[in-house]
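Enquirer: Structure provided below as structure tokens; questions to follow.
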Amino acid sequence: MGNFTTELIVKALDGLYARQTVTAQNIANANSPGYRAMRVSFEDSLKAAAASGRADLADVTPQMSLVPEGEGLRLDLEIATASQTALRFGALLSVLEGRGGLMRTVIEGGR
């Protein structure tokens with residue numbers, strides 16, 4: 001796994017962190033009158049940057065948007081989003097941890 005892959009994972013973690021933060025706000029405000037839920041998207045821009053190269057990766061940032069009026073906030077979907085986001089975050093951290101362990105082994109000469 002090269003540095004570009006690591007940079008992609010870090011950008012994905014940034015996006016997932018933003019999504020988790022927004023989802024937590026949505027859950028916390030589920031019963032607040034007039035509150036409009038928000039969404040975070042970043043996967044399409046991350047995928048495009050991965051295909052085009054490192055230069056475009058720097059421009060990838062999570063995009064936040066309000067849920068269209070009338071859709072409302074569904075607490076069950078927010079909780080599902082929070083769970084899915086946490087699972088993805090943990091999986092990406094595991095990949096980075098494995099990469100770090102491999103690098104440590106190489107540096108220590110296999111000891």
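The values are calculated or read from the model by the stated rules, or taken from the named source; none is laboratory data. Given the structure is predicted, the values throughout are model-derived calculations rather than measurements. All Cβ positions, glycine included, derive from the backbone under ideal geometry; neighbour counts span all protein chains shown.
Enquirer: Check the range 31-47 and report whether any residue there is touching an Asp or Glu at 6+ places or on another chain (Cβ under 9 Å) and of a type in the set (Ser, Thr, Tyr).
Expert: We begin by selecting, within the range 31-47, every residue touching an Asp or Glu at 6+ places or on another chain (Cβ under 9 Å); these are 36-37, 42, 45.
Still in the list and also of a type in the set (Ser, Thr, Tyr): 45.
So far as the range 31-47 goes, yes, one or more of its residues are touching an Asp or Glu at 6+ places or on another chain (Cβ under 9 Å) and of a type in the set (Ser, Thr, Tyr).
Enquirer: Still on this model: Determine which member of the set Ala58, Ala28 is exposed (fewer than 13 other Cβ atoms within 10 Å of the Cβ) and at pLDDT 95 or above.
Expert: Result of the check over Ala58, Ala28: Ala28.
Enquirer: Among the numbered conditions (1) surrounded by fewer than 15 Cβ atoms within 10 Å (Cβ to Cβ); (2) assigned to a helix (DSSP H, G or I); (3) not hydroxyl-bearing (Ser, Thr, Tyr), tell me where Arg19 comes up short.
Expert: So Arg19 meets the others, but not (1).
Enquirer: Within the range 62-73, take every residue that is within 15 Å of the chain's Cα centre (by Cα) and surrounded by 14 or more Cβ atoms within 10 Å (Cβ to Cβ) and give me the one that is nearest to Thr5 (Cα to Cα).
Expert: Across the range 62-73, the extreme among qualifying residues is Pro62.
Enquirer: On to the next question. Could you run through the range 42-55 and say how many residues are in a helix (DSSP H, G or I) and either buried (at least 16 other Cβ atoms within 10 Å of the Cβ) or of a type in the set (Phe, Trp, Tyr) (or both)?
Expert: 4
Enquirer: Which condition breaks for Asp76 when tested against (1) surrounded by 11 or more Cβ atoms within 10 Å (Cβ to Cβ); (2) more than 12 Å from the chain's Cα centre (by Cα); (3) not in a loop (DSSP other than H, G, I, E, B)?
Expert: All conditions pass for Asp76, except number (1).
Conditions tested, residue by residue: (1) closer than 26 Å to Leu75 by Cβ; (2) under 18 Å from the mean Cα position of the chain (by Cα); (3) aromatic (Phe, Trp, Tyr).
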position: Thr6; (1), (2), (3): no, yes, no
position: Leu13; (1), (2), (3): yes, yes, no
position: Asn31; (1), (2), (3): yes, no, no
position: Gly34; (1), (2), (3): yes, no, no
position: Phe42; (1), (2), (3): yes, yes, yes
position: Leu46; (1), (2), (3): no, yes, no
position: Asp56; (1), (2), (3): no, yes, no
position: Val60; (1), (2), (3): no, yes, no
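Enquirer: If you go through the range 54-70, how many residues are at positive phi and of a type in the set (A, V, I, L, M)?
Expert: 0
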